[in-house]
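The values are calculated or read from the model by the stated rules, or taken from the named source; none is laboratory data. Fair warning: this is a prediction, and the values are worked out from it, not measured in the lab. Methodologically, a virtual Cβ is constructed for each residue, glycine included, from the backbone with ideal geometry; neighbour enumeration extends over all protein chains shown. Note: areas computed on protein heavy atoms with side chains; ligands, DNA, RNA excluded. Shrake-Rupley method; radii C 1.70, N 1.55, O 1.52, S 1.80 Å.
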Amino acid sequence: MTNVHSISSPSILNEDRAHEADHPTSPVATFGMDQPLRLDCGIDLAPFQIAYQTYGELNADRSNAILICHALTLDQHVANLHPLTGKAGWWEIMVGPGRPLDTDRYFIICSNVIGGCMGSTGPASTDPATGKAWGLDFPVITIPDMVRAQAMLLDRLGIETLFCVIGGSMGGMQVLQWTAAYPERVFSALPVACSTRHSAQNIAFHELGRQAVMADPDWHHGRYFERSTHPHRGLAVARMAGHITYLSDAALHRKFGRRMQDRELPTFSFDADFQVESYLRYQGSSFVERFDANSYLYLTRAMDYFDIAADHSGVLAQAFLGIKTRFCVVSFTSDWLFPTSESRALVHALNASSARVSFAEIETDRGHDAFLLDVPEFFDISRAFLESAGKARGLSNGAGG
């Protein structure tokens, strides 16, 4: 009989993920019935909470705050150990003393998005009306909803304006929404590897992932917590398919080629004969350790709905008309998920609205995920942009200035 090896069950218990969803290992801002979050779907979400992390110190005049907006599969744990996996923060390469997002100079904030699963209210959170996880009873959310929640968090923290908003991929979409919705609150913006709307191809990839989750018999129409199950196989396949889009053909060839995994000859089975197969299975199985399947559905849908121009009579430049925010738009040559052409369209719209904008297309074979990796040119560009904006803002070299 031919051997078949599927994705292994997660080692982190449902109870641990559920506890992190309601009682996160990070600061939490809670908003009661008198402070609802008005959602684009027409529902007022209340009560709700936002989990966040901060790094560095806020200066005396509160002018050095930088908001990091995280991507689809990430969270607020930018530069600290992840409470579920114990792994290092996802952007430690960028955030810390002496790094581009220098915690000796800037006050860094990152919040888990609404709809996420690491402490901000989402489908994995407990619905106070039922005492059970929201599941699919949670309202569908959008990128603008995420940004409105972040604005409420900043109000709670007493931060009126942001020195910079930075993020890649879904985080970049949030950056652009910040500048369109709250231009007076954003001094500078660094949207990376993103677009002003999701393409048909990207929507198609997301639908593939959602269908993989929903086809898993352990999904139970989103009520898997009540069955003490988790659709880990479907979520892992969704992650595997998505992860391919974050890479490039050149990067896959350089890293794996057609090399075998711990063997010299094929096994003539459906085991992971090739290194690239083993890598994708690892990506899938490690992802389900820390992420909620329903959150994946909600956040991918939020990205699909994103379209700034549609909210401004179909004219992208209208979204940024008269804006004073300084922009640095960054793309990567091998990113086929959010290709450079989409960044150029954004730059043209910003130019048409007379915004201050610089643009960098970085040569690399590392694909969409390049903004998370060791790409020195990206570090240099980010650092130079922030230093230039800091001079214009009147920031001193120290956090206390």
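The rows are residues; the columns are (1) assigned to a helix (DSSP H, G or I); (2) charged (D, E, K, R).
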residue: 148; (1), (2): yes, yes
residue: 155; (1), (2): yes, yes
residue: 174; (1), (2): yes, no
residue: 179; (1), (2): yes, no
residue: 184; (1), (2): yes, yes
residue: 191; (1), (2): no, no
Practice task
Kindly indicate whether any position in the stretch 49-56 is of a type in the set (Gly, Ala, Ser), more than 12 Å from residue 153 (Cβ to Cβ) and crowded, with 21+ Cβ neighbours inside 10 Å.
Solution key: yes
Practice task
Spot the failing condition for residue 362; the list is (1) outside the structural domain of residue 214 (by TED's automatic domain parsing); (2) open to solvent by less than 10 Å² (accessible area, probe 1.4 Å); (3) closer than 30 Å to residue 123 by Cα, and only one is missed.
Solution key: (3)
Practice task
Could you tell me whether any residue of the stretch 323-332 is under 20 Å from residue 381 (Cα atoms), aromatic (Phe, Trp, Tyr) and in the same structural domain as residue 370 (by TED's automatic domain parsing)?
Solution key: yes
Exercise for the section: Name every residue in the stretch 313-347 that is in contact (Cβ under 8 Å) with a residue 24 or more places away in the chain and in a helix (DSSP H, G or I), in order of residue number. Expected result: 316, 317, 318, 319, 320, 342, 343, 345, 346
Problem - Residues satisfying the stated conditions in the stretch 24-36, i.e. at pLDDT 95 or above and either more than 20 Å from the chain's Cα centre (by Cα) or part of a loop (DSSP other than H, G, I, E, B) (or both) - result: 24, 26, 27, 30, 31, 32, 33, 34, 35, 36
Completion exercise
Reported set for the stretch 282-312 where residues are among the acidic types (Asp, Glu) and not in a helix (DSSP H, G or I) is 289, 292, 307
Exercise for the section: Restrict the check to the stretch 170-187 and report whether at least one residue is surrounded by 24 or more Cβ atoms within 10 Å (Cβ to Cβ) and closer than 20 Å to residue 31 by Cα. Expected result: no
Exercise for the section: Kindly list the number of the only condition in (1) surrounded by 19 or more Cβ atoms within 10 Å (Cβ to Cβ); (2) closer than 20 Å to residue 300 by Cβ that fails for residue 100. Expected result: (2)
Practice task
Scan the stretch 268-281 for residues that are out of contact with any strand residue (DSSP E or B) (no Cβ under 9 Å at 6 or more places or on another chain) and assigned to a loop (DSSP other than H, G, I, E, B) and jot them down.
Solution key: 268, 272
Completion exercise
Filter the stretch 139-169 for residues that are in contact with a strand residue (DSSP E or B) (Cβ under 9 Å, 6 or more places away or on another chain) and among the β-branched types (Val, Ile, Thr); the one that is most open to solvent (accessible area, probe 1.4 Å) is 161
Completion exercise
Checked 61, 40 against criteria (without any contact (Cβ under 8 Å) to a residue 40 or more places away in the chain, in a loop (DSSP other than H, G, I, E, B) and open to solvent by 40 Å² or more (accessible area, probe 1.4 Å)); the one match is 61
Exercise for the section: Name, by its number, the condition in (1) modelled with pLDDT of 95 or more; (2) not in a helix (DSSP H, G or I); (3) not acidic (Asp, Glu) that does not hold for residue 208. Expected result: (2)
Handout entry: Per-region count, the stretch 252-267, residues within 25 Å of residue 87 (Cα to Cα) and either within 22 Å of the chain's Cα centre (by Cα) or part of a loop (DSSP other than H, G, I, E, B) (or both)
Key = 2
Practice task
Please enumerate the residues belonging to the stretch 277-296 that are farther than 19 Å from residue 228 by Cα and not aromatic (Phe, Trp, Tyr).
Solution key: 277, 278, 280, 281, 283, 284, 286
Exercise for the section: Go through the stretch 216-257 and give me each residue that's hydrophobic (A, V, I, L, M, F, W, C) and either assigned by TED's automatic domain parsing to the domain that holds residue 18 or within 16 Å of residue 135 (Cα to Cα) (or both). Expected result: 219, 225, 235
